[in-house]
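The values are calculated or read from the model by the stated rules, or taken from the named source; none is laboratory data. Small disclaimer: the values here were computed from a predicted structure and weren't measured. Positions of Cβ are generated from backbone atoms using ideal geometry, with glycine treated the same way; all protein chains shown enter the neighbour counts.
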Amino acid sequence: MVFKKIRKFISEKKSSGDFDEDYIEIDLSQKEKENKVFVKLFVLKDYDDVNPILNSLREGYTIAVIEIKTLRQKDSIELKRAISKIKKTIDALEGNIAGFGENIVIATPSFAKIHKEEPQPKEEKKKFDY
């Protein structure tokens, strides 16, 4: 990162022919953010618990595993509102959302895909006429 700044500075000065400054000031205290993926577990107890989930997803490096059992048992209408809000945010981020079982929802940003197996159509039993 420091070398990029030096290279940019020199190339700008070379093109303009302007080398009147004796030194370059570089901010070494600036830390480069690590791009690690976090898998975070969230428990959705109330509708208000959606906000920390959305904030984590908006950061872009979080895969959210959300337990919805408590809210589902308490208030299914609030659960639908919460999941709808999460889904809208995921759609805006071009991510994926999927339910696993009855109590778990996984939401991912755009860099991760959730593999969803499509249910195969059931074969109808053929009746034979004799």
Residues satisfying the stated conditions in segment 79-125, i.e. surrounded by 13 or more Cβ atoms within 10 Å (Cβ to Cβ) and touching an Asp or Glu at 6+ places or on another chain (Cβ under 7 Å): ASN103, ILE104
Answer yes if at least one residue in segment 94-104 is touching a residue at least 24 places away in the same chain (Cβ under 8 Å), within 20 Å of VAL37 (Cα to Cα) and in a strand (DSSP E or B), and no otherwise. yes
Given the conditions (1) surrounded by 16 or more Cβ atoms within 10 Å (Cβ to Cβ); (2) touching a helix residue (DSSP H, G or I) at 6+ places or on another chain (Cβ under 8 Å); (3) within 23 Å of LYS36 (Cα to Cα), and given that ILE63 satisfies all but one, which numbered condition is not satisfied? (2)
Being assigned to a strand (DSSP E or B) and either farther than 15 Å from LEU41 by Cα or hydrophobic (A, V, I, L, M, F, W, C) (or both) narrows it down to one residue among ILE77, ILE63, ILE83, ILE114; which is it? ILE63
Failed item, numbered, when ILE68 is tested on (1) modelled with pLDDT under 90; (2) surrounded by 12 or more Cβ atoms within 10 Å (Cβ to Cβ): (1)
ILE53 surrounded by 18 or more Cβ atoms within 10 Å (Cβ to Cβ), under 15 Å from VAL39 (Cα atoms) and in contact with a helix residue (DSSP H, G or I) (Cβ under 8 Å, 6 or more places away or on another chain): yes
Please give the number of the condition GLU78 fails out of (1) of a type in the set (Asp, Glu); (2) touching a strand residue (DSSP E or B) at 6+ places or on another chain (Cβ under 9 Å); (3) modelled with pLDDT of 90 or more. (2)
